[in-house]
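Enquirer: One structure, pasted below without further comment.
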Amino acid sequence: MLNMNETPEHKGQRVRRMFDTIADRYDLMNRVMTLGFDQSWRRLVVEKARLPAGGALLDLACGTGDIAALAAARHPASRIIAADFAANMLKEARRRFPDVAISWLACDANHLPFADGQFAAVTFGYLLRNVGDVAAVLAEVHRVLVPGGRVVCLDTTPPKGVVAPFTRLYLATVVPLLGKLLAGDEAAYSYLTGSTMNFYAAEDLAALFTAAGFGDVGFTRLMGGSIAVHWGEKAA
């Protein structure tokens, strides 16, 4: 959610600097702090996108390229565009997948450089908790989808249920420690922990998808309730 003392533009600049700093250690940290489950979540995102044969897919906040690469492998006849606003993330993605048919693009999710109705699916992982105006980003995503196109979102969500206290403890203590030991940046991973705890509950985020004009909105929780995959469809 937006810090009321920080404009969306300032938050974007701060988050961009953070991700540029940790880009070369981002994958290692993802594997360790998710206990290796993160790739299965990304495969679920690609599955839920239901990309039709030859359809174009835009992967926003592509990071180091995992979702885009999984989509390209599953849909070799499709056009895959992977976009991020952190230059070092894109540099790392290109290094990891030099021979995969992906178009890499630097852009801001708040202002997508595409005409209306260009994509059969838009995916993103860990984008919305890092933007200043979730509704504005969802409106842009809705705009660039074709009628009947699907959006799929992988992001954190405040944990619920009996495991919530243990998940909160893990996020508050273990993740920043791993950030310090493995990534050399405790502050960045303390921010990521805070952005998880302060982000929308899964039900509230689903309501924002509906408010943005998406239908058939649904979600599933993962990782002790601290991760959720949301999806929705633009009316045909």
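The values are calculated or read from the model by the stated rules, or taken from the named source; none is laboratory data. This one's a predicted model, so the numbers in the text were calculated from it and none came from an experiment. Cβ coordinates were reconstructed from backbone atoms using ideal geometry, including for glycine residues, and neighbour counts include every protein chain displayed.
Enquirer: What pairs can you find where one residue is in the stretch 199-227 and in contact (Cβ under 8 Å) with a residue 24 or more places away in the chain and acidic (Asp, Glu), the other is part of a strand (DSSP E or B) and surrounded by fewer than 18 Cβ atoms within 10 Å (Cβ to Cβ), and their Cβ atoms are less than 8 Å apart, with a gap of 6+ or different chains?
Expert: Taking only residues 6 or more apart or on different chains, not a single pair turns up.
Enquirer: Test Leu138 against the stated conditions and say whether it is more than 12 Å from the chain's Cα centre (by Cα) and under 24 Å from Asn88 (Cβ atoms).
Expert: no
Enquirer: Thr196 - would you say it is among the polar types (S, T, N, Q), at pLDDT below 85 and in contact with a strand residue (DSSP E or B) (Cβ under 6 Å, 6 or more places away or on another chain)?
Expert: yes
Enquirer: May I ask you to list pairs of residues, at least six apart or on different chains, whose Cβ atoms are under 9 Å apart, with the first in the stretch 34-52 being assigned to a helix (DSSP H, G or I) and the second being basic (Lys, Arg) and surrounded by fewer than 22 Cβ atoms within 10 Å (Cβ to Cβ)?
Expert: Partner pairs satisfying both residue conditions: Asp38/Arg31; Gln39/Arg31; Arg43/Arg74; Val46/Arg74; Glu47/Arg74.
Enquirer: Quick check: anything in the stretch 98-118 among the small types (Gly, Ala, Ser), surrounded by 17 or more Cβ atoms within 10 Å (Cβ to Cβ), outside any loop (DSSP other than H, G, I, E, B) and in contact (Cβ under 8 Å) with a residue 24 or more places away in the chain?
Expert: Scanning the stretch 98-118, I find no residue that is among the small types (Gly, Ala, Ser), surrounded by 17 or more Cβ atoms within 10 Å (Cβ to Cβ), outside any loop (DSSP other than H, G, I, E, B) and in contact (Cβ under 8 Å) with a residue 24 or more places away in the chain, so the answer is no.
Enquirer: Here is a follow-up. Which one of these does Val131 not meet: (1) loosely packed, with under 15 Cβ neighbours inside 10 Å; (2) hydrophobic (A, V, I, L, M, F, W, C); (3) modelled with pLDDT under 95?
Expert: (1)
Enquirer: Please find, among Gly55, Gly65, the residue that is on the phi > 0 side of the Ramachandran plot, surrounded by 18 or more Cβ atoms within 10 Å (Cβ to Cβ) and modelled with pLDDT of 95 or more.
Expert: Gly65
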